[in-house]
Every structure is written in structure tokens, then in C-alpha cells.
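S.K.: Right, I'll just put the structure down here and ask away after.
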Amino acid sequence: MTRVVPGQRGNYVSFGRSVVEAVEAAAELLAADLRFEYLDAPRDELWRLVDQSQLDRQADHVNRFIDEHAQSPFISVCRVEIDYLTVDQPVDIFGIQLTPADALPAVRRNVPGLGAHSGCMAEVEVSGTSPERMMERARYRVQRVLRILRVAFLGRYSFHIGQLRFRVGAVAELDNGAGEWRAMDTRTGTLQAIRPLIDAVREHPTARLVDEPASDIERKADVALRWIDRAVFTDDPLVALLYQFFALEALLGDKSSGLKGEQLAFRRAMLSHVVTGGFRHPETALWLYDEVRNNAVHGENMPEVDSGAVKGFASDVRAALSEYLTFAQSEGLTRRSKLTRALDQHSDRQQLVAWLSESGGPRWERFVAEQTTASTAKATPG
């Protein structure tokens, strides 16, 4: 990069790739440091630091930069509007407080009034030096909690899917009066989350995902959770089905070649067996994978997707997410590869293969033959 020497028009200095890359890396560090996150253009500030260091190589420009720009983070409660979810009283859940909208002071910023779709406010404590980024982190935190609530509600109660499209709303504000408003659409219904509903989901396995993922197992579960969440917000059964498959593959898939559909459906059945002692017939999952998921991904004609089949498959995928987390915790597993290996090498595996040989039908013949051959070769010495 070539830059004009400060105060010397017509004179330039050229910096090599290592300096440019160091400035880029430092800019990322500044953006992630709460003391400097308020800077609108950290790269410009850093290049001024480079210019000063180039002109005067004796002074300590780094400490001067820190003294000049570092600000002490302040703590504030951020109130984030939630649409289509109401509470009858304040309730704490997963580190945020849900409060009836009419129990809080009106939003202080000059924004459109909260509409009829506004259900409650989520209060979350945030810290930083940039009100905009603080509100963004608060929204992100609330979105994670709502995602957990949706999946947990679906796992425990018979809600209509339209009741679970509550989401972060248009308004967010900090205690100091800083606030923002975002335009939102209004297509959904309202759910009243009474305290027993909230209390019942605290021990749901997906509650582990309310914080940032701490292991490979949790990262894959978080990906699955996001796909499941997307499925809640689509009215197209085919799109919802594809999202559910993406979620299941995040949990139990891999990049290996071979009978991918059979392996995915088999692992799903195996996971259910080792956690609950029972399982759904994997035939439906395999048929949906072969005839719908594959054809959709590869641009082929697809059969009509029955909404009942999609709903049943979605229920099984949500159960798979809970069982995945439960199995990983009980076995002390932190990587998905170790979890799938534990399923593939489980002592009950051949029992399920034998059951598929008798009850699986023609679609499973190749997989059963492959598994039987592999088992025989493993048992044969030499």
C-alpha cells in the first residue's frame, strides 16, 4: 500500500504486505475489544498510527494510541421488543427477563409506536462502548433464547406452528436513551407464554445451546437448531423439509461417499435406540431423502410432499437434536465424529441391521448386504 507522507504533499511511502496484513488483523482485534468498538473507522485510526510511527521511530505511539482511544465499557440494560409472544408477569429465562410491554416505560426514541403485534420486552444486560453494537449483541442474545424456546415448546407441547413465529421485534433501547427501530412484517399469531410453559423448558436438552457453542458437538447442534428455526418460519412444506434434512445432516451426516441416505436414516434410528430404547421405522426418512431431498437438491422432478409427513419428520428431527445432546453428554463426547463413530460401532448395531433385513423392505437391501459383508469380514481372522 502506498500512502502520502503526512504534511508532505507529493511525497509517498510504500508499505509491504506484512504491514497491510498486520493493520487488518489489528483492526479486527479493535472491533472485538469492547474498549475500542465505538470507533467507526478503526483502520483509518490504525493507519494514522502507522504514519506517526514511520515519521518518529523513537516515541511509544502504541501506548499513546491506547491512552487516546480506549474507553471504559459501560453496563446497561437493553430492552428488546418481542413480537407475538406475551407474558402475564416478568419471568427470567436463560439469562434474559421477559416483561409485559405495558410494565415498562415507553421507548424514549422518536420511533413509530409499538403495534398490536408487540407482545413483551426482553431485558438483557450488555456492556460495551458502542450503543449500536451493544443493542446488536442484545438482539443476538434474545434471538438465541427465542430459538431455544421454539424448539423446546415444540418438543413438549402441541402448538400450531403459527404460534411459534414469535421473533425479535422492531424496537431496542438502552438505559441511556439510545435506541433503534427496524421495519418488520406482521404475518403470524400471538402466543401467551405463562410461567409453567417457561419453567417446563429450562431442563430441555437444547438449553445447553443458549450460550455460544463450546465444543464441536455444540457447534453442530447449533447449526441444526438454526435450520430447525428457519423451518418454523416457512409456509412451504418442501422448503421446511429441506431445512429439517439440513438440520439432521448437521447432527449425523458426514462427507463420506456411499449410501448416504441409508447411513443417515440408520444413524437416526440407532441414536433413538441407544437413548430411548425405541425408534421410528427409518423407511420414511430414507424415502424422503431419496425421493424428495436428493431430487430437490439435484434439480429433478419431485413427488408432492404431504404436510403430515413433513410435520412427522420435523418432530423426529427435533427429537434427534435432543437425543444427540443427551447422548453426547452421557458419553462425555465433544466431537461429532466421535459421536457418529460411537453409533456406528455400538454393540446393538447388528441387531438393528438384522431387524432391517426382516422388516426394512427393498429399499434397505443394499445397505443390509453391505453391513452384513462388512460384519462377516471383520469377524473372519486373517
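S.K.: Could you tell me the relative contact order of the chain? Use alpha-carbon pairs under 8 Å, at least six residues apart, and round to a whole percent.
M.R.: That works out to 13 percent.
S.K.: How much accessible area per residue does segment 20-112 have, counting only protein heavy atoms and a probe of 1.4 Å, in square angstrom? Present the calculation step by step, with values, prior to reporting the outcome.
M.R.: On the way: 5210 Å² over 93 residues.
Counting only protein heavy atoms, the per-residue value for segment 20-112 is 56 Å².
S.K.: A further question follows. Report, in degrees rounded to the nearest 10, the 0 to 90 angle that the Cα long axis of helix 365-379 makes with the longest principal axis of the chain.
M.R.: 90
S.K.: So which residue, out of Arg366, Arg349, Arg137, gets the largest mean-square fluctuation from a GNM of the chain using Cα contacts under 10 Å as springs?
M.R.: In this elastic network of the chain, the residue with the biggest mean-square fluctuation among Arg366, Arg349, Arg137 is Arg366.
S.K.: Which of these values of Rg and Dmax of the Cα atoms in Å was calculated from the structure shown: (i) 26.8, 86; (ii) 23.5, 79; (iii) 21.1, 69?
M.R.: Identified label for the calculated read-out: (i).
S.K.: While we're here: How far is helix 42-55 tilted, in degrees, relative to the longest principal axis of the Cα atoms in the chain, given as a value from 0 to 90 rounded to the nearest 10?
M.R.: In the chain, helix 42-55 runs at an angle near 50 degrees to the longest axis.
S.K.: While we're here: From zero outward in steps of 10 Å, how is the percent of C-alpha pairs of segment 22-163 spread across the bins?
M.R.: 10, 29, 24, 17, 12, 6, 1, 0
S.K.: Note down the net charge around Arg335, summing +1 for each Lys or Arg and -1 for each Asp or Glu among other residues with Cβ under 13 Å from its Cβ. List each step's numbers first, then the result.
M.R.: On the way: positive: Arg219, Lys220, Arg336, Lys338, Arg341; negative: Asp216, Glu218, Asp254, Glu331.
Computed value for this residue: +1.
S.K.: Can you tell which of Val23, Ser127, Ser272 lies farthest toward the positive end of the dipole of the chain, using +1 and -1 charges on the Cβ of basic and acidic side chains (Lys, Arg; Asp, Glu)?
M.R.: Ser272
S.K.: Give me the one-decimal nm value for the distance between modelled label points at Arg133 and Lys311, 7 Å along each residue's Cα-to-Cβ direction.
M.R.: The answer from the label model is 4.6 nm.
S.K.: I would also like to ask the following. Just to be sure I understand: with springs between alpha-carbon atoms less than 10 Å apart, which residue in Pro237, Pro42, Pro100 has the highest mean-square fluctuation in the Gaussian network model of the chain?
M.R.: Pro42
S.K.: Give, rounded to the nearest 20 debye, the magnitude of the charge dipole that segment 15-104 has about its Cα centre when Lys and Arg contribute +1 at Cβ and Asp and Glu contribute -1 at Cβ.
M.R.: Numbers: 7 positive and 18 negative charges, 68 e Å.
Around 320 debye, computed over segment 15-104.
S.K.: Now for a separate question. Highest GNM mean-square fluctuation, the chain, Cα pairs closer than 10 Å: which of Leu251, Leu191, Leu55?
M.R.: Most flexible of the set in this elastic network: Leu55.
S.K.: How many nm is it between the label spots at Asp175 and Arg341, if each spot is 7 Å from the Cα in line with the beta carbon?
M.R.: Simple spin-label model gives 4.9 nm for this pair.
S.K.: Quickly estimate the mean residue ellipticity at 222 nm for the chain, helices only: each DSSP H run with n ≥ 4 gives -39500 (n - 2.57), and the total goes over all residues, rounded to 500. Present the calculation step by step, with values, prior to reporting the outcome.
M.R.: Values: 14 runs with 190 residues, N = 382.
Using -39500 (n - 2.57) per qualifying helix, the result is -16000 deg cm²/dmol.
S.K.: Looking at segment 1-46, which chymotrypsin sites (Phe, Trp or Tyr not before Pro) are in a loop (DSSP not H, G, I, E or B) and have at most 16 other Cβ atoms within 10 Å?
M.R.: Details: sites: Tyr12, Phe15, Phe36, Tyr38; in loops: Phe15, Phe36, Tyr38.
Here the sparse-neighbourhood loop sites are Phe15.
S.K.: Here is a further query. Between Val4 and Arg35, what is the label-to-label distance in nm when each label sits 7 Å out along the Cα-to-Cβ direction?
M.R.: The modelled label-to-label distance comes out at 3.2 nm.
S.K.: Hey, another quick one. Which whole-number percent is the relative contact order of segment 124-277 (Cα, under 8 Å, 6+ apart)?
M.R.: Values: 123 pairs, mean separation 28.8, N = 154.
Contact order relative to length: 19 percent.
S.K.: Sticking with this structure for a sec: Relative to the longest principal axis of the chain, what angle (0 to 90°, nearest 10) does the C-alpha long axis of helix 349-359 take?
M.R.: The angle comes out near 60 degrees.
S.K.: Sort out the exposed loop GluC sites (Glu not before Pro) in the chain (DSSP loop, at most 15 other Cβ within 10 Å) and tell me the longest stretch that has none.
M.R.: Numbers: sites that count: Glu203, Glu300, Glu304.
My reading of the result: 1-202 is the longest stretch.
S.K.: Let me ask you something else. Which listed residue (Leu146, Val317, Ala193) has the Cα farthest towards the positive end of the charge dipole for the chain, taking +1 on Lys and Arg C-beta and -1 on Asp and Glu C-beta about the Cα centre?
M.R.: With unit charges placed on the Cβ atoms, the residue in question is Val317.
S.K.: For segment 232-289, give the percent of accessible area contributed by carbon and sulfur heavy atoms, probe 1.4 Å, rounded to a whole number.
M.R.: On the way: 1250 of 2260 Å².
C and S atoms contribute 55 percent here.
S.K.: Given R₀ = 41 Å, what would the calculated FRET efficiency be for Val13 paired with Thr334, taking r from the Cβ atoms and rounding to 0.05? The partial results should precede the final answer.
M.R.: Details: r = 49 Å, r/R0 = 1.19.
E between Val13 and Thr334, to the nearest 0.05, is 0.25.
S.K.: Distance between the C-alpha centers of segment 235-288 and segment 289-343? Whole Å please.
M.R.: Here the answer is 3 Å between Cα centres.
The values are calculated or read from the model by the stated rules, or taken from the named source; none is laboratory data. Because the structure is a prediction, the values reported are computed rather than measured. Using ideal geometry, Cβ is built from the backbone for each residue, glycine included, and neighbour counts are taken over all protein chains shown. Heavy atoms of the whole protein, side chains included, go into the accessibility calculation; ligands, DNA and RNA do not. Shrake-Rupley method; radii C 1.70, N 1.55, O 1.52, S 1.80 Å.
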